[in-house]
Structure formats: C-alpha cells, structure tokens
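Working notes, beginning with the structure itself.
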Amino acid sequence: MLLRARIVETEAYLEKDDAAAHCSRGPTPRAKVMFGKAGVIYVYYIYGNYFMLNFVTEKTGLAGAVLIRAVEPLEGIPAMERNRKMKVGKNLTNGPAKLVLALGIDGSLNGRTLGLPHLAVYEGKPVKQKDLVTTTRIGISVAQELPLRFYEKGNPYVSKK
DNA sequence: TCGAAGATTCTA
DNA sequence: AGAATCTTCGAA
C-alpha cells in the first residue's frame, strides 16, 4: 500500500543556541541520531503515547533536524484513516503525532536513512514564496522566541494551536 | 535511583 | 480546561 503526502508545515531544531532542541545537551542516547548525517530519520517517543518524525539536516558531527508538523494527504487516504483508528475528518494529518499515525510510522524508523521501501522524500509541488509563513515554534517552553516554524498559508492541514 | 518535564492529542 | 501515559535526562 503506497501512501503519499505533501509536507506543509515544519519546524527547525538547531545545534547552537537552541535550548528546545534535544541535541542542545549533547549526543545523549536519544539525541545522538541528530548528530548523524543528513537524510537520517529521527523518530522519538513522547508523552507516553506519540511518535514524532524528523529528518536530520546537518553533516555528520553537527546536529540539527526538521520536525514534520503537518502534511497534506495525497494518496492512500482510506488507509491513513484506518491507521488513525478514530473519526478524523480534516484532522487526519494536521499535527506531528497525527501524521505519524496516519502514515504508519513508528520508532523502528529511528536512525535509518531515508529511502524506499520504508520512507522516502521527493521534491513535490513547491510552496509559493508569498504563501510561506514563518512563525515561532509550538509546544515548547524554552527558546520560544526563535522564528523556526514554517508553513503554507491557507493550507487546511496545517496544525492548530 | 528518583522525579520532573516533555517538539501532543483527545475528551469533557 | 485537564487527563492520559511513559520515556528521557539531570540531579542526588
């Protein structure tokens, strides 16, 4: 079953001067994959229930990742709805834990490199410059002032506060 | 070891 | 507005 979706909201987590990033306290057991090479998948477990999907962005030895906060479903939507196991409507993939569930992702992808058959990223329909909105990040208690959240203006699958 | 906090979501 | 739920990490 092929599932496809378009990334419409992301947040960046940096190595330097970003206390909200898991890598800010060095390569702990959890955060060490953030110090790997670009293109590695970082999936972590949080709040006793959810997985979050990130892609490592910096070269080996430097830390950094992009959190995928929301996607627009394109193909395999019935399967995604089944994966969510509840009534969802437009809430199918409009949040970081929701999209992980819809796409059938779990911790087994952590540390693996992007690519088929498990998970691949391709260049898709670009976000127009005028529709690219930059704001502060959501759900963190430190470094809240950094403008590191990016989303497509008007897209119904962007997460709500 | 222990305890607090957490890149959230759902229900009431 | 608050609970659910358990891993992670730093301090003791």
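The values are calculated or read from the model by the stated rules, or taken from the named source; none is laboratory data. As the structure is a computational prediction, the values presented were derived from the model and not from experiment. Cβ: placed from backbone, ideal geometry, glycine included. Neighbour counts: every protein chain shown.
Has the stretch A:122-134 got at least one residue that is surrounded by 14 or more Cβ atoms within 10 Å (Cβ to Cβ) and among the aromatic types (Phe, Trp, Tyr)? Don't jump to the end; show me each part of the working.
Pass one, the stretch A:122-134, residues surrounded by 14 or more Cβ atoms within 10 Å (Cβ to Cβ): A:127, A:133.
Now drop any that are not among the aromatic types (Phe, Trp, Tyr), which leaves none.
The answer is no; no qualifying residue exists.
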Discussion item. Condition first: within 16 Å of DNA strand C (Cβ to nearest atom) and acidic (Asp, Glu). Can you find one or more residues in the stretch A:67-79 that meet it?
Written reply: no
Fill in: Those residues of the stretch A:69-114 which are over 14 Å from the mean Cα position of the chain (by Cα) and of a type in the set (A, V, I, L, M), in sequence order
A:74, A:77, A:79, A:80, A:86, A:88, A:92
Practice prompt. Would you check if there is a residue in the stretch A:68-91 being surrounded by 12 or more Cβ atoms within 10 Å (Cβ to Cβ), at positive phi and at pLDDT 95 or above?
Written response: yes
Worksheet item: Scanning for something acidic (Asp, Glu), within 19 Å of residue A:150 (Cα to Cα) and touching a Leu at 6+ places or on another chain (Cβ under 8 Å), does the stretch A:15-34 turn up at least one residue?
Response: yes
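Tally up the residues in the stretch A:44-62 that are within 14 Å of residue A:121 (Cβ to Cβ) and assigned to a strand (DSSP E or B), please.
Initial filter on the stretch A:44-62 (within 14 Å of residue A:121 (Cβ to Cβ)): A:53-57.
After this cut, where a residue has to be assigned to a strand (DSSP E or B) as well, the list is A:53-56.
Selection size over the stretch A:44-62: 4.
Can you tell me which of A:64, A:48 is touching a Cys at 6+ places or on another chain (Cβ under 8 Å) and at positive phi?
Details: A:48 fails: touching a Cys at 6+ places or on another chain (Cβ under 8 Å).
Just a single option satisfies the conditions, and that option is A:64.
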Worksheet item: Can you name the number of the only condition in (1) in a loop (DSSP other than H, G, I, E, B); (2) among the β-branched types (Val, Ile, Thr); (3) within 15 Å of the chain's Cα centre (by Cα) that residue A:66 fails?
Response: (1)
Worksheet, complete the sentence: Within the stretch A:80-139, residues among the polar types (S, T, N, Q) and either under 20 Å from residue A:44 (Cβ atoms) or in contact with a Ser or Thr (Cβ under 6 Å, 6 or more places away or on another chain) (or both) come out as A:83, A:93, A:94, A:108, A:110, A:113
Worksheet item: Just a yes or no: is a residue in the stretch A:140-156 under 21 Å from residue A:30 (Cα atoms), surrounded by 15 or more Cβ atoms within 10 Å (Cβ to Cβ), among the β-branched types (Val, Ile, Thr) and within 12 Å of DNA strand B (Cβ to nearest atom)?
Response: yes
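Quick one: which of A:66, A:43, A:33 is within 27 Å of residue A:17 (Cβ to Cβ), more than 7 Å from DNA strand B (Cβ to nearest atom) and touching a helix residue (DSSP H, G or I) at 6+ places or on another chain (Cβ under 6 Å)?
Details: A:66 fails: touching a helix residue (DSSP H, G or I) at 6+ places or on another chain (Cβ under 6 Å); A:33 fails: touching a helix residue (DSSP H, G or I) at 6+ places or on another chain (Cβ under 6 Å).
When all the criteria are applied, what remains is A:43.
Among A:73, A:117, A:78, which is in a helix (DSSP H, G or I) and more than 17 Å from residue A:11 (Cα to Cα)?
Answer to the selection: A:78.
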Fill in: Answer from A:55, A:51, A:35 - the residue that is in contact with a strand residue (DSSP E or B) (Cβ under 9 Å, 6 or more places away or on another chain), under 16 Å from residue A:14 (Cα atoms), among the aromatic types (Phe, Trp, Tyr) and within 16 Å of DNA strand C (Cβ to nearest atom)
A:35
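Could you tell me which residue of the stretch A:46-63 is surrounded by the most Cβ atoms within 10 Å (Cβ to Cβ), considering only residues that are of a type in the set (S, T, N, Q) and more than 8 Å from DNA strand B (Cβ to nearest atom)? I'd like the intermediate steps shown before the answer.
We begin by selecting, within the stretch A:46-63, every residue of a type in the set (S, T, N, Q); these are A:49, A:54, A:57, A:60.
Applying the additional criterion that residues be more than 8 Å from DNA strand B (Cβ to nearest atom) yields A:57, A:60.
Values: A:57: 19, A:60: 10.
Here the residue is A:57.
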